[in-house]
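The values are calculated or read from the model by the stated rules, or taken from the named source; none is laboratory data. In this text the structure is predicted, and so the values were computed from the model without any measurement. Backbone-built Cβ (ideal geometry, glycine too); neighbour counts: all protein chains shown.
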Amino acid sequence: MSEAENFQLVRPFSKKCAAVAVPPGSKSVTNRAMVLSALRGGETVLRGALFSRDTEIMSDCLRSLGFVSERDSAARTFRIAPSGKKPEAAKLFVGNAGTVARFASALVATFDGGEFIFDSDDEMKVRPMKGLLEALKEQGSEFEFFEREWSFPFKMSPRGLKGGTLALDASVSSQILSAILMVGAFAKSPLDVVLSGETVSRPFVDMTIKMMESFGFGLDEISKSRFSNFRRIEPSVGEFYDVEPDATAAGYFGALPVVAGGACFIAGLKKDSLQGDSAFFDLLQESGIARVDKLDEGFIVSSETRDISPREFDFKDISDTFPTLAAIAPVLGGKISICGIGHTRRQECDRVSTVAENLRALGTKVDEKEDSLSVYPNPDIAKISGPVEIKTRFDHRMAMSFAVLGCFEGFDSKPRVKIEDPKCVSKTYPNFFDDLDSVRESSEKFRIVAVDGGAAVGKSSVSKACSKTLGYLHVDTGAHYRTLTYGLLEEGILPSDENGVSERLASFTLGTAVENGSARMTLNGRVVPDELIRTKTINSSVSIFAAMQSVRSFVKKYQTSMADFAKSEGFGGLIMEGRDIGNAIFPNADVKIFLCADEATRAARRAKEGISDSISERDKLDSTRKISPLKCAEDAVKIDTSKLSKDEVVARALAEIVKS
Ligand code: CDP
């Protein structure tokens, strides 16, 4: 392989992150959902499923066992249904997939009769099966082992599950317990499962039990080691089951806005996730490293402050995600200490020392101990002229974690890192680099965002916050009308004098000044300060001037020119707020947001600002005028802000923007 093929150069983001990420489905959830779909009967379409060797193997096994299992790669679905034929005999190949090895054996044990040959990869032949196969034998199945006792390959002659008390040894693999729990309701007499020891990876057992309930299988957990009263219950899942995205893979896109700035919407993540690694998102939020808002359709993660004080985190329960945080730690403002990770030295590679080695190669100070790693801030990371070679040691997690760091905003777009052996990501996320590229590409798209709504609905604060997060130019068009009103009144032009207005406008020169990411209109070379345009007098006449054709055409030309202005100033997009932006100024805006709120909430907000303003009167004038009235555009997303906090509205608005 040539050097070019064996390295992946990572291009930094030239604009802040503003994109949607759709990580692959979780393997554990996909394979459980396939078995549970088969067990419950009827048709189930698994959406957002993972397509990988292990899930393909599960799908093949189900087909051999008389189920329909159809894959639609474009739609990312598996359709599982009974085929109507139950085979008397079949050959099953489980590869090196632990879930298939255990779950398919338990599934076959529910069959009454037939002969099934199981085989596997060599690696699977030495992985633990004994506890499970002993239990299935005790329940009635017969086994003939072709190589070694209690391991693949073997012949299984199932006779159903007889039930009764079952002593189960799941001490070496929680999948053994999960497999038995899933089929417990099929026992001919009530089954009582008693664990002979403890089991490992309890979160995976919880995942199994929660998923069983969704698919209509209940049980009573008498204690941590005793399960009984297996029964059919009302399922909450109908024809479709949405597989959660893999939480560990999703974590890379959670870390991305921390290094690149901006916001990333991670589609499909759920508040009550089945996966332990979803706690990584809580860690980001609670530590202030990022802001995480959990919406119905996914999480929106946005950059918060990088200046966090030194922090220590215990990653024992979410250790697969420790390289994600350690790799981005150099861009944070304080020392980050990570403990509880000693066991990861024996994973795909010695993760603690490989992370440390790569960080040092990037000029970062690191303290490495047996069970922990401390990473110091590295303000020089932006100056790396690179590309520095990242050692992956064939570990997918090294490749993906340091690729995220490589996205660190660098407006020169010179790669700072190159990832060795990038194909190692195929273990869990074959399309990782393609997905990262499309997130970068989407972030570079210049978007025009129209935010409309009546007075005191929260347009300004939401628009400003979104602009700040995304690095977009903010434009408050209300201030344009207010500035012109001030200019006209200053020159003695009254709202009743429409002819005088058009004449005077012709003498006005407009320009733009940028203050803190917001564009301010200049009138004859100066910005009229807020205290002069937000007075009682202006409030009471602005809407009358704003309803005039001459004023609107004069302003429209100026406002539409703001898109080119924002581009030329290097902003990633434009957020313009007002009354008619989505309908008249930018009818082709990439996203239109219409904010509303009930009367009482709006009046209270204005009163809090200490401004005397008859907002309902202005709203009435604004919505009933002939030209460009205040009206929700047909294709706008409407958000009622009455019962939402500002942060909640911002989160929803950000999600809409990055999705467009
Ligand atoms: O601060 P508030 O939301 O109450 O008002 P504003 O955005 O400062 O706008 C002041 C007035 O300008 C509105 O009441 C409208 O009459 C007018 N306006 C408009 O006609 N079209 C816009 N796109 C923005 C404001």
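What to note about this one:
- If the condition is being at pLDDT 95 or above, part of a helix (DSSP H, G or I) and within 28 Å of the chain's Cα centre (by Cα), then segment 352-393 contributes Val352, Thr354, Val355, Ala356, Asn358, Leu359.
- Taken together, Asn516, Asn524 contain a single residue that is surrounded by fewer than 17 Cβ atoms within 10 Å (Cβ to Cβ) and in contact with a Ser or Thr (Cβ under 6 Å, 6 or more places away or on another chain), which is Asn524.
- One residue from Phe111, Phe145 being touching a strand residue (DSSP E or B) at 6+ places or on another chain (Cβ under 8 Å), at pLDDT 95 or above and farther than 17 Å from Gln175 by Cα: Phe145
- Pick from segment 531-580, criterion among the acidic types (Asp, Glu) and within 39 Å of the chain's Cα centre (by Cα), ranking: farthest from the ligand (Cβ to nearest atom): Glu569
- In segment 548-648, counting only helices (runs of 4 or more DSSP H) that sit wholly within it, the ones holding 1 or more residues that are free of Cβ contacts under 8 Å to residues at least 60 places away in the same chain and over 30 Å from Cys17 (Cβ atoms) span 549-560, 599-608, 615-624.
- Segment 49-168 holds helices (runs of 4 or more DSSP H) entirely within its bounds, and those carrying 1 or more residues that are out of contact with any His (no Cβ under 8 Å at 6 or more places or on another chain), more than 13 Å from Ala179 (Cβ to Cβ) and among the hydroxyl-bearing types (Ser, Thr, Tyr) map to 53-64.
- The condition (being of a type in the set (A, V, I, L, M, F, W, C), part of a strand (DSSP E or B) and closer than 30 Å to Pro377 by Cα) is satisfied by just one residue among Phe230, Phe265: Phe265.
- Some residue of segment 483-490 being away from the ligand (no atom under 16 Å from the Cβ), surrounded by fewer than 24 Cβ atoms within 10 Å (Cβ to Cβ) and modelled with pLDDT of 95 or more: yes
- The set of residues in segment 408-467 being surrounded by 20 or more Cβ atoms within 10 Å (Cβ to Cβ), modelled with pLDDT of 95 or more, away from the ligand (no atom under 16 Å from the Cβ) and polar (S, T, N, Q) consists of Ser443 alone.
- Ala513 meets all of the listed conditions (1) out of contact with any Lys or Arg (no Cβ under 7 Å at 6 or more places or on another chain); (2) more than 16 Å from the ligand (Cβ to nearest atom); (3) among the hydrophobic types (A, V, I, L, M, F, W, C) but one, namely (1).
- When residues of segment 208-227 are limited to those that are in a loop (DSSP other than H, G, I, E, B) and modelled with pLDDT of 95 or more, the one farthest from Ser28 (Cα to Cα): Gly216
- When residues in segment 214-230 are screened for being surrounded by 13 or more Cβ atoms within 10 Å (Cβ to Cβ) and touching a Leu at 6+ places or on another chain (Cβ under 9 Å), 11 of them pass.
- Any hit, segment 616-632, residues being at positive phi and within 14 Å of the ligand (Cβ to nearest atom): yes
- Selection over segment 55-78 of residues that are under 24 Å from Gly268 (Cα atoms) and either among the acidic types (Asp, Glu) or out of contact with any helix residue (DSSP H, G or I) (no Cβ under 9 Å at 6 or more places or on another chain) (or both) gives a count of 8.
- Residue list for segment 268-315, filter: within 29 Å of Val352 (Cα to Cα), assigned to a loop (DSSP other than H, G, I, E, B) and of a type outside the set (S, T, N, Q): Leu269, Leu274, Gly288, Ile289, Glu304, Arg306, Asp307, Ile308, Pro310, Phe315
- Filtered residue count, segment 175-224, keeping only those that are within 14 Å of Ala135 (Cβ to Cβ) and small (Gly, Ala, Ser): 6
- For Ile615, the stated conditions hold: it is under 19 Å from Ser463 (Cβ atoms) and not polar (S, T, N, Q).
- The set of residues from segment 196-247 being within 12 Å of Arg40 (Cβ to Cβ) and more than 32 Å from the chain's Cα centre (by Cα) comprises just one member, Arg232.
- Asp647 being under 25 Å from Arg534 (Cβ atoms), modelled with pLDDT of 95 or more, surrounded by fewer than 20 Cβ atoms within 10 Å (Cβ to Cβ) and more than 10 Å from the ligand (Cβ to nearest atom): yes
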